[in-house]
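First comes the structure, then the notes that go with it.
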Amino acid sequence: MRTFYGTTLANPLMLGTARYPSPKVLEAAFRESGAAVATVSLRREGADGAGQAFWQLIRDLGVLVLPNTAGCHTVKEAVTTAHMAREVFDTPWIKLELIGHTDSLQPDVFQLVEAAKILSDEGFQVFPYTTDDLIVGERLLAAGCEVLMPWGAPIGSGRGLSNPYALRAMRAEFPDTPLVVDAGIGLPSHAAAAMELGYDAVLLNTAVARAGDPVAMACAMREAAEAGARGFAADPIEARDMAEPSTPVIGKAFLA
Amino acid sequence: MSRIRILGAGVAGLAVATELVSRGAEVEVVDPGGGPTAASCSWWAGGMLAPFCEYENAEEAVLRLGQAAKHWWGRVTQVTEAGTLVVAHRRDLADLRQFAHRTERFHSVDADGIRKLEPELFGFDHGLFFESEAHLSPRRALEDLTTKLSSQGVFIETTPARSEPDLTVDCRGFAARDALPDLRGVKGEMLVIRAPDVSIKRPVRLLHPRIPLYIVPRGDGVYMLGATMIESEDRGRITARSMLELLSSAYALNPAFGEAEVLEIGVDLRPAFPDNLPKVRRRGDTIYANGLYRHGFLLAPALAMAVAELALNDKVTELVDADYAER
């Protein structure tokens, strides 16, 4: 699938642009990651073009830009930030993030659904950062979203997929909706695990930006996400409790 | 001997002037402020000479070149060699472990060790002590450089006083963006507070996944709290959020900071190149020395030496952007 609002991505990685040691490292990490999408925050960089120098660096990466509403705590803030993002990056895409809890950065799903409805009605193509709750997922789709981005674990925690069962259930519940695991990825194996569940992409930032060697980690993430995606597409065997010999036992030549 | 005009009397310009004069060059310094002023971002700096801590999130050159700073500054101003203490709250110990893993020349300290170093820090059981690091007072250092230069006959002019020089060294920081299109500004916000009831002797860094803070003692109960890092070129005012975050982090170090007076609020732009390392570039009769980013006092000596080698000996050293003239 890997088609988001009509745009098909060549690569299952979406990479954030915050917290790199320098723009130069950011650029090299993007090149290595092959990421087709760059997420970028606008809230703190401010309006009035004050963040232009940095935003130009993001545009120069030559990948699709998915602006986000990171740091927003209310519907009003998120909607205003989305308007600004549309102007700055000339895109209808918006990653909608509405923080409900300061310490876990857990999304406030009630405000999320409300903001998603407002923005979808205004013609935005909303990528909602949500929990793995199925009912919230349904409400987001009803609000006009055509993508869901459940969390793997809290933002920046690097814990991997806290609840693979819930993510699997979500995949089963929404077989035709593009799904992205967003947040919580720390290791390449986490990215692979998300893709092995049949997800369409993984979105990560801190795991690469704050790695000791962000460029090498970007490469590892690309390989892992690709491996996971290929593994899922190859229709893996079912796990079972007893061994199943790969060579038949009966009729085998008896070797003393 | 050639005559050299230096544009800018921030830490870069003054360090370059000092280095050139010490090597016998004839120098004039031009700055519209007539000296170091609040218009240069080094006025608002922390003044930490902390190459080992900075290496946590910087290129190897910062670690290596920054180690010369303590000695260079010790010849011109008062440098306090009290080390740096890095602490984290219990819930953020992962950040402390990661910091330890990516730095060197420290030893781990427990609650007792922290109490011995800084008895007035509250509620920390784990820390890292970078004993060989140092700090200085930026404004005093800039004044001391100015005084030293004037004793050598170099005064800071508000407009160019003499006929055209043989060489110009442009050290105007972010203001030089007209000539350096790949220079960007990184917004920093800081506070100066007075808390006579709190006694902290050395720079303390409080690690936090979202709001890292450092506090640098300036003496007489005055502390500098810094500093935000925002990819924005708005140098207007501090945001309420930044102020809240800086103050609540200080409050977490010692609740007595809640009673502090806020003396100053500083907002400025750090000039930075895409790799966040300083660069020296020669174009015609002008040398550009810029991009000190968050390492003004740490790397100004290395930058000044690179300018001097290029200007006086035509020698291309590490910080010189050798290909630049051909681009």
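The values are calculated or read from the model by the stated rules, or taken from the named source; none is laboratory data. Quick caveat: nothing in here was measured; it's all calculated off a predicted structure. As a convention, Cβ positions derive from the backbone with ideal geometry for all residues, glycine included, and neighbour counts pool all protein chains shown. What goes into the accessible areas is simple: the full protein's heavy atoms, side chains included, and nothing from ligands, DNA or RNA. Shrake-Rupley method; radii C 1.70, N 1.55, O 1.52, S 1.80 Å.
Odds and ends about this structure:
- Ligands, DNA and RNA left out, the 1.4 Å accessible surface of segment B:1-152 is 49% carbon and sulfur atoms.
- Spatial separation of Cα centroids for segment A:6-21 and segment B:131-196, in angstrom: 39
- Each part gets one Cα centre, and for segment B:1-77 versus segment B:264-293 those centres are 11 Å apart.
- Length-normalised contact order for segment A:133-255 - Cα pairs under 8 Å, 6+ apart - percent: 21
- Max-minus-min Cα coordinates of the protein assembly as shown on each principal axis give 96, 70, 57 Å, with the largest extent listed first.
- Ordered by solvent-accessible area of protein heavy atoms (1.4 Å probe), largest first, the residues A:Phe232, B:Phe106 come out as A:Phe232, B:Phe106.
- Looking at the protein assembly as shown, the DSSP beta bridges with both ends there are about 50 percent antiparallel.
- For chain A: accessible area per residue (Å², 1.4 Å): 46
- Relative frequency of Cα-Cα separations exceeding 23 Å in segment A:65-143, percent: 12
- Per-residue shielding of A:52-64, expressed as the average number of other chain Cβ atoms within 10 Å of the residue Cβ, stands at 2.
- Surface accessible to a 1.4 Å probe, B:Lys279 within the full protein complex, Å²: 30
- The fraction of all Cα pairs in chain B landing in successive 10 Å bins from 0 to the largest distance is 6, 27, 34, 22, 10, 2, 0, given as whole percents.
- Two-decimal ratio, segment A:1-102, of alpha-carbon radius of gyration to 2.2 N^0.38 Å: 1.07
- Per the Kirkwood formula applied to alpha carbons, segment A:167-253 shows a radius of gyration over Rh ratio, Rg over Rh, of 1.15.
- All other residues whose Cβ lies under 12 angstrom from that of A:Ala224 are scored, Lys and Arg at +1 and Asp and Glu at -1, for a net of -1.
- Pairs with C-alpha atoms separated by more than 27 Å, drawn from the list A:Lys24/B:Lys148; B:Lys201/B:Lys279; B:Lys70/B:Lys201; A:Lys24/B:Lys201; A:Lys24/A:Lys76, are A:Lys24/B:Lys148; B:Lys201/B:Lys279; A:Lys24/B:Lys201; A:Lys24/A:Lys76.
- Rolling a 1.4 Å probe across the protein heavy atoms gives segment B:41-185 an accessible surface of 47 Å² per residue.
- Where a label projected 7 Å from the Cα of A:Asp133 along Cα→Cβ would reach, residues of segment A:95-116 with amide N under 16 Å: A:97-102, A:104-116
- Annotation for segment A:152-256: GluC sites (Glu not before Pro) lying in DSSP loop with at most 10 further Cβ atoms inside 10 Å of their Cβ are A:Glu238.
- Zero-based 5 Å bins, Cα pair distances in segment B:150-202, whole percents: 4, 10, 12, 14, 11, 12, 13, 12, 7, 3, 1
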